[in-house]
Amino acid sequence: MKKLIAKFNDESGGVLAFVAIFMVVLLGFTALVIDGGRLYTEKSKLQKALDAAVLAGVHGLRISDDKSSEIAIDVSEKNGYKVEKSELFYTSDSIKAIKKINVPMTFAKVIGVDNTIVSASAKAIIGPLTKASGIAPLVIEKNNIPNGTILNCGSTNPGDLSGNCGYLNFPSGNLRDALLNGGTYEVGQTVTTDPGGSVGQVDQAIMGVNGLIALDASKTHCQKYETADNTCARVITIVVIDDWVDIDGKEVKGTSKVKVTGFASYWIEKYENKKLYGKFIKMVAPGEIGSGSVVGDYALYGVKLSE
């Protein structure tokens, strides 16, 4: 009888069962920590790849949806998570990428989870800039885009620009520095124009030893407007206005005031005989974006993530 009671009181088998259960729980926590961390890392990397893809791809919308797809797919592949064209969605001013990936598990297999689906999405929009920095204090009428030169202080026609060469008033009083460094302007802002030629300062800023063209001497892509981009010093942003009607270039009853209606990018070829020669180019730059533009295809655009 004592032996039978002893068998019932023997807890050695219970310890083994407890250890077995504890090991399963421990593996479960290990799976949660290790594989959970892996899922977080994969999702983060996927999100960054999609963000980069749509931010790059949205630039292509200014050409076509196909070009946008080409860019987005290329960038996503370089970041290790290639998106397919079927995973890209468009509107007239946006591109969105949605992608799912299958992440194999390691420790979670012990509890029957072989893999987990991770998904991410990103959307970027493009629109005309409504506020930007680094803008040269130059003004042009919208109807002169994309043709023509900006500055023409040597005109034989006394009526051209009514005594105004197309400069904005610059607080520093130094047009050379203002051309090299730019300022901040906003669509709808009323700004004061500045009369006079300041030929020497303009020539120094553009053609001088440390001028905009010299700064691009080693950049092959900056030598042609077809390949120039916003890494080029000779690509400047200028203010666009409706027209010069009733602007006399002087502070007379507010007749030197103009309203900013947009921005445009201009590749400088040269400054010669008091004239600035170059080409307007389609460009995307940092800044605040909005809807609508009076500048048309040559409006300076910006991009941002919207999701």
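Points to keep in mind about this one:
- Highlighted here are the strands (runs of 3 or more DSSP E) found entirely within segment 31-137 that include at least 2 residues which are modelled with pLDDT of 90 or more, of a type in the set (A, V, I, L, M) and not assigned by TED's automatic domain parsing to the domain that holds Gly188: 94-104, 115-135.
- Residue match in segment 223-237 (condition: part of a helix (DSSP H, G or I) and at pLDDT 90 or above): yes
- Checked against the criterion of being loosely packed, with under 14 Cβ neighbours inside 10 Å and modelled with pLDDT of 85 or more, segment 138-145 contains not a single residue that satisfies it.
- Conditions (1) touching a residue at least 40 places away in the same chain (Cβ under 8 Å); (2) of a type outside the set (Asp, Glu); (3) crowded, with 17+ Cβ neighbours inside 10 Å: number failed by Ile73: (1)
- Selection within segment 189-201 - within 27 Å of Ile289 (Cα to Cα) and either polar (S, T, N, Q) or at pLDDT 90 or above (or both): Gln189, Thr190, Thr192, Thr193
- Taken over segment 193-220, the residue count meeting the criterion of being loosely packed, with under 14 Cβ neighbours inside 10 Å and touching a strand residue (DSSP E or B) at 6+ places or on another chain (Cβ under 9 Å) is 1.
- Matching residues, segment 182-239, being without any contact (Cβ under 8 Å) to a residue 12 or more places away in the chain and of a type in the set (A, V, I, L, M, F, W, C): Val209, Ala214, Ala217
The values are calculated or read from the model by the stated rules, or taken from the named source; none is laboratory data. Since the model is a prediction, treat every value here as computed from it, not as a measurement. Note that each Cβ is placed from the backbone with ideal geometry, even for glycine, and that neighbours are counted across all protein chains shown.
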